[in-house]
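Peer 1: Before I ask anything, here is the structure I am working with.
The values are calculated or read from the model by the stated rules, or taken from the named source; none is laboratory data. What you see is a predicted model, and the numbers here were worked out from it, not measured in a lab. With ideal geometry, Cβ positions are generated from the backbone for all residues, glycine too; neighbour counts draw on all protein chains shown.
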Amino acid sequence: MRADLHVHSTASDGTDPPAEVMRRAARAGLDVVALTDHDTVAGHAEARAAAGPVALLPGMELSCRLDGRSLHMLAYLFDADQPELAAELARIRDDRVLRARAMVDKLAGLGVNVSWGQVAAIAGQAVVGRPHIARAMADSGAIASPREAFTRDWIADGGRAYVGRYALDPVRAIDLVRAAGGVTVLAHPRAGRDTWVTNEQITRLAAVGLAGLEVFHPDQSEAERARLIALAHDLALVPTGGSDDHGSLTGYRLGGETTSGEAYQDLLSRVPRPA
Ligand SMILES: [Zn+2]
Ligand SMILES: [Zn+2]
């Protein structure tokens, strides 16, 4: 069985609409694909309608912060209409807009000719994020390619035009998702970009109900995968995998990393039973 449990669409910062993601999942020979857009389930309906031979695991990737550092939490099979969870998601999305506007203002102050209207047009229906600003910057000629926006000169964490944002405490994220009937998996804890989650922090999250650890991720080295597998074993966490495909933004890697059938069944078995 082949399951890719970490994929983005145009509902957040991916470049392919949800239906196209499902078609690509079929071509990649996947049995299961999880749509895990950032802080939104807006792509689920379109993906479900286009599911075809591939089973859709509904999910999302929640923006969290722990001990001052950014951390991503994958969530699956929750009820997005559960009022407390829905309110948190709305708060995160509203803040993303305020934050993106603030970054555009800072860029203007640095002489970059990018308007909020351009960024909003690029984002379209998607949850606005830094990749959209990066594309607007490249369109304006300020940088040669969107990738160049993610440096200290521009909008990388701590960069000159960077603005921090509201993010959930991961313990609260775990609680909220569980209360909404879902399970959580810590995303790419050792991807090494902005996020690096320590063994001690993972142990703390495991104690409060984290279900899994994303081991198989393209940005995690073989050495880190081996350490994470051992840790998942020690803490009785499910070792999962996913491509973190963002369409053309990451080179169409759907199915490049997968979750084993055994781990997938284990994850499903941890979905809380209704009280
Ligand atoms: Zn992530
Ligand atoms: Zn992701």
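Peer 1: So which of 13, 39 is in contact with a His (Cβ under 8 Å, 6 or more places away or on another chain), crowded, with 18+ Cβ neighbours inside 10 Å and under 18 Å from residue 132 (Cα atoms)?
Peer 2: Being in contact with a His (Cβ under 8 Å, 6 or more places away or on another chain), crowded, with 18+ Cβ neighbours inside 10 Å and under 18 Å from residue 132 (Cα atoms) holds for just one of 13, 39, which is 13.
Peer 1: If you check residue 114 against the conditions, is it touching a Ser or Thr at 6+ places or on another chain (Cβ under 6 Å), surrounded by 17 or more Cβ atoms within 10 Å (Cβ to Cβ) and within 20 Å of residue 195 (Cβ to Cβ)?
Peer 2: When the stated conditions are applied, residue 114 does not pass them.
Peer 1: Need the failing condition index for residue 89 against (1) at pLDDT 95 or above; (2) surrounded by 17 or more Cβ atoms within 10 Å (Cβ to Cβ); (3) part of a helix (DSSP H, G or I), just the number.
Peer 2: Looking at each condition in turn, residue 89 falls short on (1).
Peer 1: From the residues in segment 38-85 that are without any contact (Cβ under 8 Å) to a residue 40 or more places away in the chain and part of a strand (DSSP E or B), which one is farthest from residue 158 (Cα to Cα)?
Peer 2: 55
Peer 1: Of the conditions (1) over 17 Å from residue 61 (Cα atoms); (2) within 15 Å of ligand 2 (Cβ to nearest atom); (3) aliphatic (A, V, I, L, M), residue 231 satisfies every one except a single condition; which number is it?
Peer 2: (2)
Peer 1: If the Cβ limit is 9 Å and pairs must be 6+ apart or interchain, which residue in segment 1-19 that is farther than 14 Å from residue 33 by Cα and in contact (Cβ under 8 Å) with a residue 60 or more places away in the chain pairs with which residue that is of a type in the set (Asp, Glu) and within 9 Å of ligand 2 (Cβ to nearest atom)?
Peer 2: Qualifying pairs under 9 Å: 10/37; 11/37; 12/37; 12/61; 13/37; 14/37; 14/245; 16/245.
Peer 1: Residue check, residue 205 against (1) out of contact with any strand residue (DSSP E or B) (no Cβ under 8 Å at 6 or more places or on another chain); (2) away from ligand 2 (no atom under 16 Å from the Cβ); (3) closer than 27 Å to residue 90 by Cα, all met but one. Which one?
Peer 2: Among (1) out of contact with any strand residue (DSSP E or B) (no Cβ under 8 Å at 6 or more places or on another chain); (2) away from ligand 2 (no atom under 16 Å from the Cβ); (3) closer than 27 Å to residue 90 by Cα, residue 205 violates only (1).
Peer 1: Would you check which residues across segment 11-24 are assigned to a loop (DSSP other than H, G, I, E, B) and either closer than 17 Å to residue 242 by Cβ or modelled with pLDDT under 95 (or both) and list them?
Peer 2: 11, 12, 13, 14, 15, 16
Peer 1: So if I check each of 121, 134, 156, which one is surrounded by fewer than 19 Cβ atoms within 10 Å (Cβ to Cβ), of a type outside the set (Val, Ile, Thr) and at pLDDT 95 or above?
Peer 2: Answer to the check: 121.
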